[in-house]
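Scroll down for the structure; my scribbles are underneath it.
Any read-out appearing in this document is the output of simple, stated calculations on the displayed coordinates, not a laboratory observation. Everything numeric here is computed off the predicted structure, so don't read it as measured data. Cβ placement follows ideal geometry from the backbone for every residue including glycine, while neighbour counts extend to all protein chains displayed.
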Amino acid sequence: MPQVEVERVKVEKDEDVIINLILENGFRTVAEIGVWEGWMTGRVLNTPAANKIIKNYWAIDKWGILEGDERTAWRDWAKITQEHWDEKYEKVCMLMRYFQSLHVLRRDSLQAAKLFWPGFFDLVYIDACHWYKEVQDDIDAWLPLVRKGGILAGHDYGPVRDGTGRRSRCEVKPAVDDYFGEGNVTVVPEHMVWYKRVGD
């Protein structure tokens, strides 16, 4: 049987890795956890081949003031007022004018996960809180919601220490490695994306 050539995009940014996963697998139901201003949302849905495949794209974020350890770790983000978070939320909501498949949900990651049933998603991409416990909590909450053969993915799989040797604000890598076992996820290091096929 002849191989069908799958359309792919040139990988220049982390969102291109996700676009190619959608194209290669024909993923129709996608969740993005941690949306910020909607860069990835817009990039994915603005890619004609991906937009043609996707039937439901859930953009989920709390768009709210950082609390506790988040404030210390993300000092610049801790200065963002609720008014500015509201503007970011509204900016993402505006994308619904252009993309019929887009659903914007303003909820904390763990609260949002309770709204969906097991196996609902083909692909879930996590780019929310980067602290160890929160990353593992997100994996715990969203992994059961990905169907068998689907993919759970995330961003900022990088060093815990920055170039100066200081502790960075990112604990994604150790959280993912401890959850799945080191070497048990696929990594695209130049874009700091990790992913795991459910059932593997």
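GNM on the chain, alpha-carbon springs under 10 angstrom: the most fluctuating residue among Val176, Val188, Val104 is Val188. Return the aspartates and glutamates within reach of Lys133: Cα separation strictly under 14 angstrom, same-chain partners fewer than 8 residues apart disregarded; answer none if there are no such residues. Qualifying aspartates and glutamates at Cα under 14 Å: Asp69, Glu70, Glu171, Asp177, Asp178. Among Tyr89, Tyr125, Tyr179, the residue with the largest mean-square fluctuation in a Gaussian network model of the chain, with springs joining Cα atoms closer than 10 Å, is Tyr179. Using a Gaussian network model of the chain in which every pair of alpha carbons under 10 angstrom is joined by a spring, one finds that among Phe121, Phe99, Phe27 the greatest mean-square fluctuation is at Phe99.
If I take R0 = 41 Å and measure r between the Cβ atoms of Lys52 and Gln111 in this structure, what FRET efficiency does the formula 1/(1 + (r/R0)^6) give, to the nearest 0.05? For Lys52 and Gln111, the calculated efficiency is 0.85. Phi-derived couplings, Karplus 6.51 cos²θ - 1.76 cosθ + 1.60 at θ = phi - 60°, listed residue by residue for segment 144-150: x, 8, 9, 5, 4, x, x Hz, with x used for Gly and Pro. Each residue of segment 93-109 was assigned a 3J(HN,Hα) from its phi angle through the Karplus curve 6.51 cos²θ - 1.76 cosθ + 1.60 (θ = phi - 60°); the sequence is 4, 4, 5, 5, 4, 9, 10, 5, 7, 7, 10, 9, 10, 8, 8, 4, 3 Hz, with glycine and proline shown as x.
Over 24 Å between Cα atoms: which of Lys55/Lys196; Lys55/Lys148; Lys13/Lys88; Lys13/Lys91; Lys62/Lys148 fall into that group? With Cα atoms farther than 24 Å apart: Lys62/Lys148.
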